[in-house]
1. Only residues that are touching a strand residue (DSSP E or B) at 6+ places or on another chain (Cβ under 9 Å) and of a type in the set (A, V, I, L, M): list them for the stretch 81-104, please.
2. Mind counting the residues in the stretch 109-149 that are among the basic types (K, R) and modelled with pLDDT of 90 or more?
3. Mind checking which residues of the stretch 102-149 are of a type in the set (D, E) and either free of Cβ contacts under 8 Å to residues at least 12 places away in the same chain or more than 27 Å from Q31 (Cβ to Cβ) (or both)?
4. Pick out, from the stretch 1-106, the strands (runs of 3 or more DSSP E) lying fully within it that include 3 or more residues that are modelled with pLDDT under 85.
5. Can you tell me which residues in the stretch 90-128 are over 11 Å from the mean Cα position of the chain (by Cα) and aliphatic (A, V, I, L, M)?
6. Against the definition (of a type outside the set (A, V, I, L, M, F, W, C) and free of Cβ contacts under 8 Å to residues at least 24 places away in the same chain), how does R96 come out, yes or no?
7. Looking only at the stretch 75-113, count every residue that is charged (D, E, K, R) and under 20 Å from L145 (Cβ atoms) and tell me the total.
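The values are calculated or read from the model by the stated rules, or taken from the named source; none is laboratory data. Fair warning: this is a prediction, and the values are worked out from it, not measured in the lab. We place every Cβ from the backbone using ideal geometry, glycine too, and count neighbours over all the protein chains shown.
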Amino acid sequence: MSGLVIPHGAFVFIGDGCKALFLRNEGNPAQPNLKTEDVFADENPPTREQGTDRPGRLNKPTGQRAAVEPTDWHDIEEHRFARRVAAAMEQLVRERDVKALVVIAPPRALADLRDAFHADVKARIVGELPKDLTRLPVGDIARHLAAEY
C-alpha cells in the first residue's frame, strides 16, 4: 500500500519516453474510474536506425587518437518527448483548470518530466509513482492503481 490517492476529477499522467496518456479520474480514490482525455505517441526508432555516421575521433595531446562516444539519438528523442509532453500538460492544466495531478512514469522519465514541468504543473501534483504502466489497457491501470491505494 503506497498511499497513492487519486481524488475524483484529478488528472492522471502515465508516460514513458515515447508514449503518454492523459487520463481523468471519474471515480473515487478507492475505486478509480479512469477516462482517456488524450494520447501522445512518438516514433522513436533505435539509434542504429537513426544515425549512420561512425563515431568521431579525437587527437590527444600525446599524439594518440581516441574514439568519441557515439550519439544516442534514441535517448535524445526521449528527452525531447518529455519536454513536449510537459508543455502539453501545462496547456491542459491551464485550459481545464486542473486542481490535482498524479504523475506515473518510469524513474528516468519521471526525472525528465520533473525537470520539464512548469511551476503551475508542479504545484498541482498530488502524487507520483515511479512505474511503467504505459503498455497496460486503461482498465488494468485503474485496477493497478486501486491496489496501490
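1. Within the stretch 81-104, A82, V85, A88, M89, L92, V93, V98, A100, L101, V102, V103, I104 qualify.
2. Going through the stretch 109-149 one residue at a time, the tally reaches 4.
3. D112, D115, D120, D140
4. Per the criteria, 57-59, 65-67.
5. Correct list: L92, V93, V98, A100, L101, V102, A119, V121, A123, I125, V126.
6. Against the criterion (of a type outside the set (A, V, I, L, M, F, W, C) and free of Cβ contacts under 8 Å to residues at least 24 places away in the same chain), R96 does not qualify.
7. Step one: filter the stretch 75-113 for residues charged (D, E, K, R), giving 75, 77-78, 80, 83-84, 90, 94-97, 99, 108, 112.
Checking which are under 20 Å from L145 (Cβ atoms) leaves us with 99.
So the answer is 1.
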